[in-house]
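The values are calculated or read from the model by the stated rules, or taken from the named source; none is laboratory data. Because the structure is predicted, anything quoted here is derived from the model rather than measured. For neighbour counting, all protein chains shown are included, and Cβ atoms are generated from backbone atoms with ideal geometry for every residue, glycine included. Ligands, DNA and RNA are excluded from the accessible area calculation, which covers all protein heavy atoms including side chains. Shrake-Rupley method; radii C 1.70, N 1.55, O 1.52, S 1.80 Å.
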Amino acid sequence: MSLWEYANPKKFMQTSQVLLPYFAVLAAVCLVIGLVWGFFFTTDDYRQGATVKIIYLHVPAAMMAINAWVMMLITSLVWLVRRHHVSALAAKAAAPIGLVMTLIALITGAVWGQPMWGTWWVWDPRLTSFLILFLFYLGYIALWEAVENPDTAADLTSILCLVGSVFALLSRYAVNFWNQGLHQGASLSLDEETNVHNEYYLPLLFCIAGFVLLFVALVLLRTRTEIRSRRIQAIMARERLG
Amino acid sequence: MKSLKKTRRIQVILVAVVALALSTALIGYAMRDGINFFRSPSQVVETPPVESEVFRLGGLVEEGSIERGQGEVIRFRVTDGGATVDVVYKGVLPDLFSEGQGMIGTGTYMNGVFEATEILAKHDETYMPKEVVDALKEQGVYQEPE
């Protein structure tokens, strides 16, 4: 048994078919628990009031926007090194999901920033690198569409993904490098003392788990679609020849 | 990439990663003042900007320094522990603006006074329910976060 067995499209289709419903149901359960708990059964923050509730969408979406890019980076590198098509297709499938997560984080962040900071948008290092990450997602998706040959497209997008990782990582760690920005540091911490209060932490954990599971479910689903569309293209090409 | 052998592909990727990390670090280091969103009071006092320069000043609003003047004019002092700068501002302040809390203002530095045209509140990473803060205050163990 080896992990690379799942790079075989047939094996991948079999396994993902079994796993997909579990991920989808678990994602729905976690999201419903986390969001209902967070929105309706937590008290207001001592300074932010009810605006604190945006945390349940903003933090998981921002985390997944960055994690999705890291996942695309890993699968792209696997493609470049080992030439597994499923790996390249998984990266392609993840991009639109990551794009939506980035958009959610940008919008919820602006909605939170207006009453709290007093502005929708500022050119703070963290915010700026996150916007660049959003543009990288757009460029990545566009590049896949722009190149005719699927293998060349996978090569080129993999290299774009490698470059974009700079901004994915910067948007996570920018606050550590340039501490004179407007965006606060991470509220979540493994250190009990500095961590966000349990009142908000526990529902937030459910939301994060829900977003992760939702992402996995959507990537599996979209990768399956990509594999099927490749198969259709192969059949059509064969028919044209025959 | 396909024409290359597998080990050579790995080598190319490793070189690319190193080059990318290095160039990012160099650009980040060279542009750190441009990337930093605001200047601290210490930086402003040490090297006062010319009067025409519009920049951002960030720090904590000093305890007991807010003076509300006539109309919308408000005066306060901003500190970072090392140095303090007087600020004057005319306009509406964001909800989170209060003494002991972080703020970032845009404006010019004239005759030792920072004349702000825009004030933003900086939120720290503390999240606490109102009830908990009230309870802590009652017991007298509540400390204002930095």
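Between the helical axis of A:125-146 and the longest alpha-carbon principal axis of chain A there is an angle of about 20 degrees.
With everything on Cα atoms, drop me the angle between helix B:6-30 and the longest principal axis of chain B, reported from 0 to 90° to the nearest 10. Helix B:6-30 sits roughly 30 degrees off the main axis of chain B.
Helix A:198-241: angle to the longest alpha-carbon principal axis of chain A, degrees 0 to 90, nearest 10? With rounding to tens, the tilt is 20 degrees. Other residues with beta-carbon under 12 Å from the beta-carbon of residue B:132 carry, at +1 per Lys or Arg and -1 per Asp or Glu, a net charge of -4. Among the residues of A:43-51, the average count of other protein chain beta-carbon atoms within 10 Å of the residue beta-carbon is 6. Ligands, DNA and RNA are left out, and with a 1.4 angstrom probe the accessible area of the stretch A:47-119 is 28 Å² per residue.
Residue order by solvent-accessible surface for B:95, A:151, A:45 is B:95, A:151, A:45, largest first, with ligands and nucleic acids left out and a 1.4 Å probe.
Please find the FRET efficiency linking residue A:176 to residue A:241, where r is the Cβ-Cβ separation and R0 is fixed at 56 Å, and quote it to the nearest 0.05. Between residue A:176 and residue A:241 the formula returns 0.50. Given their separation in residues at 0.36 nm each and the Cα-Cα distance between them, residue B:70 and residue B:115 gain 14.6 nm when the chain is fully extended. Note on residue A:205 and residue A:148: the extension gain reaches 16.3 nm, defined as 0.36 nm multiplied by sequence separation minus the Cα-Cα distance. Residue separation of residue B:138 and residue B:7 scaled by 0.36 nm, minus their Cα-Cα distance, works out to 40.5 nm of gained length. For chain B, the solvent-accessible area works out to 60 Å² per residue, with a probe of 1.4 Å and every protein chain left in place.
Using a probe radius of 1.4 angstrom, the carbon and sulfur fraction of the accessible surface of the stretch A:1-159 is 75%.
Within a 10 angstrom radius of each residue's Cβ in A:113-121, how many Cβ atoms of other chains show up on average? Whole number is fine. If you average over the peptide's residues, the count of other-chain Cβ atoms is 5. In this calculation the C-beta distance from residue A:225 to residue B:131 is compared with R0 = 35 Å, giving a FRET efficiency of 0.15. For the residues of A:167-179, the average number of beta carbons from a partner chain within 10 Å of their own beta carbon is 2.
Using the average count of surrounding beta-carbon atoms within 10 Å as a protection proxy, the listed peptides A:7-13, B:12-18, A:135-141, A:212-218 rank, highest first, as A:212-218, A:135-141, A:7-13, B:12-18.
As a fraction of the 1.4 Å probe accessible area of the stretch B:37-139, surface on carbon and sulfur atoms comes out at 47 percent.
Using r as the Cβ-Cβ distance of residue A:11 and residue A:50, and R0 as 51 Å, what FRET efficiency do you calculate, to the nearest 0.05? That gives a FRET efficiency of 0.55. Solvent exposure of residue B:137, expressed as accessible area, is near 110 Å², computed with a probe of 1.4 Å over the protein chains only. In this rough spin-label picture, where each label sits 7 Å from Cα along the Cβ direction, the residue A:33-residue A:198 distance is 1.7 nm. Taking the protein assembly as shown as the region of interest, the number of lysine pairs whose Cα atoms are within less than 20 Å, with members eight or more places apart or on different chains, is 7.
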